[in-house]
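Worksheet: the structure to be examined is printed underneath.
The values are calculated or read from the model by the stated rules, or taken from the named source; none is laboratory data. This is a predicted model, so every value here is computed, not measured. Methodologically, a virtual Cβ is constructed for each residue, glycine included, from the backbone with ideal geometry; neighbour enumeration extends over all protein chains shown.
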Amino acid sequence: MVDIITEQDHVWKAIGNQISDEDISQLESILNIILPLSYKTYLKYKHFYKIFWDLDVCLYPKLIHSWNKILIENNRELQEEILDKGYFAIGRYSDYGVIALKLTDNENKEGEIVLFDYETPATEVLAPNFIEFLNQILQNPKPVLQELKGWEKKNV
């Protein structure tokens, strides 16, 4: 059952960014890649532990001191399957697979966002670029919190 959030409740909020252009350049250098400008802007926005954009999409956490380690580790773990094929892993899609963006040779060029299936070598295009991907998942309807009816409330 869902209760209405009140002013007395503590709501977690993302904290301000501490990722610099130099930090992102180091990440690109370590993995020998060029990230699109839209994804770099996203990296520099806020820090968070985990955000589920919808029921399926979960982008990798952006923790203050380990955001880069998380991205490096996840991409090296998928070196042959994703990184070596010119993609960069950015998150998970439920328990189906990995969400990745197509890398290009220029930060101003936007590559498509794809889903790499865990079970098969198949890929599915989710969006033509990162910005459109975010727009699509942000368009999903948000759940509406409503007060429980009297008969729905548990009597204690």
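Worth a mention:
- Each residue in segment 1-52 was checked for being of a type in the set (Ser, Thr, Tyr), modelled with pLDDT of 90 or more and loosely packed, with under 10 Cβ neighbours inside 10 Å, and 1 of them qualify.
- Enumeration of residues in segment 65-119 that are closer than 16 Å to Leu35 by Cα, under 15 Å from the mean Cα position of the chain (by Cα) and part of a loop (DSSP other than H, G, I, E, B): Glu112
- Some residue of segment 101-121 being of a type in the set (Val, Ile, Thr) and exposed (fewer than 15 other Cβ atoms within 10 Å of the Cβ): yes
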